[in-house]
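Novice: Below you will find the structure I want to go over with you.
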Amino acid sequence: MQREQLADFLRRRREAIRPAEAGVADGPRRRTSGLRREEVAMLAGMSTDYVVRLEQGRSSRPSVQLLGALARALRLSEDERDHLFHLAGHQPPPADGVARLARAGLMRMLDLLGDTPAMVLSDLGEILAQNRAAALLTGDHVDFTGDRRYTVYRWFTDPAARSGAPAEEQEHLARQLVADLRAAAGRRSGDPVVTGLVERLQAASDDFSRLWAEHEVSVRRADRKTVLHPRVGPLLMDCETLLTPDLGQQLLVLTPADPETRERLDLLRVLGTQSFPTDHTTPPAR
């Protein structure tokens, strides 16, 4: 761990980023053009004291999870993120074929969408980042580990993952998930991450095995689904997917499909996250 270099890099990146780029209000009394330490701490989900110690070179070695959170908070590019990991004495992620940290450009787009629910996903359906509106709509899904990182794995192995979708839509959603995974497996032929995921799903779910055997292929780009939200009721959402050129990551934007859903989303924003169920699960995000 290169403490002095790490401290200098974090401090300079914090001072260089404009508050608006990170979704932070730029008030009239701000005395610095960059982010405050407490703002970085809030965005990264860590204590202000720890951010201070990092910038002063007095901290213990940060974990990979903390570095990922800092990279997202500071909107680091892929090169800057890798440099951050090297300075902290870690190998940059990932070892699984595609970056498991959302790209800086997609993060900026996420911020610009404001109150419109949106999230960044990998090509295997791992939610890499989501804005507050998406967290209110679907719950917080960025901290899953192991195979539970993947939407398709949760869908076929955890009944709670299907509770937010109407029964009449579940077969369609399941087919879409499997067809999209088929497309990813074709692009990443021989990738042990994809091969292993498919094998574990086949061992865990007869339903997945049935659909996988049908060899349907389809990259998700646009869709309409119903979200059964526990606080505001059913929400009819249009889902638009913007893909990166290499198809490695995607920005999913969810918009209300009718006036009633728009009103219920407005109500959800007012209600906020107070007493929001931690186990709330909605239809698959892709």
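Just so you know, all these numbers are worked out from the coordinates, no wet-lab data involved. Everything quoted here is computed from the prediction, not taken from an experiment. Neighbour counts are summed over all protein chains in view; Cβ atoms, including those assigned to glycine, are modelled from backbone coordinates with ideal geometry.
Novice: Rg and Dmax of the range 153-192, using alpha carbons, in Å: what are they?
Specialist: 12.2, 36
Novice: Taking GluC sites (Glu not before Pro) as exposed when DSSP calls them loop (any state but H, G, I, E, B) and at most 14 other Cβ atoms lie within 10 Å, what is the longest stretch of the chain free of them, the sites themselves excluded?
Specialist: Free of exposed loop sites, the longest segment is 1-213.
Novice: Return the Rg/Rh ratio of the range 104-271 with Cα-based radii and a Kirkwood Rh.
Specialist: Result: Rg/Rh = 0.96.
Novice: Using Cβ contacts closer than 10 Å as the measure, can you line up Trp212, Trp155 from fewest to most?
Specialist: Trp212, Trp155
Novice: Can you give the three extents of the C-alpha atoms in the range 3-87 along their principal axes, from longest to shortest, in whole Å?
Specialist: 36, 26, 20
Novice: Return the inverse of the average 1/r over all pairs of distinct C-alpha atoms in the range 40-127, which is the Kirkwood hydrodynamic radius, in Å to one decimal.
Specialist: Its Kirkwood hydrodynamic radius stands at 14.0 Å.
Novice: Can you pull the Rg over Rh of the chain, Cα-only, Kirkwood?
Specialist: 0.98
Novice: Also, I was wondering about something else. Quick check: from the Cα gyration tensor, does the range 87-179 come out rounded (a/c under 1.5), prolate or oblate?
Specialist: Note, shape of the range 87-179 comes out oblate.
Novice: Moving on. Do the sum for the chain: with -39,500 (n - 2.57) for every DSSP H run of n ≥ 4, divided by all residues, what is the mean residue ellipticity at 222 nm, to the nearest 500 deg cm²/dmol?
Specialist: -13500 deg cm²/dmol
Novice: Still on this structure: Kindly put Leu267, Leu54 in sequence by how many other C-beta atoms sit within 10 Å of each C-beta, fewest to most.
Specialist: Leu267, Leu54
Novice: So who's got an amide H within less than 5 Å of the one on Gln130, skipping anything under 5 residues away but keeping other chains? H placed 1.01 Å off N, in plane.
Specialist: Counting only residues 5 or more places away or on other chains, the set is Val120.
Novice: Whole-Hz Karplus ³J(HN,Hα) for the range 150-159, in order, using 6.51 cos²θ - 1.76 cosθ + 1.60 and θ = phi - 60°, x for Gly and Pro?
Specialist: Couplings: 8, 4, 4, 5, 4, 4, 8, 10, 10, x Hz.
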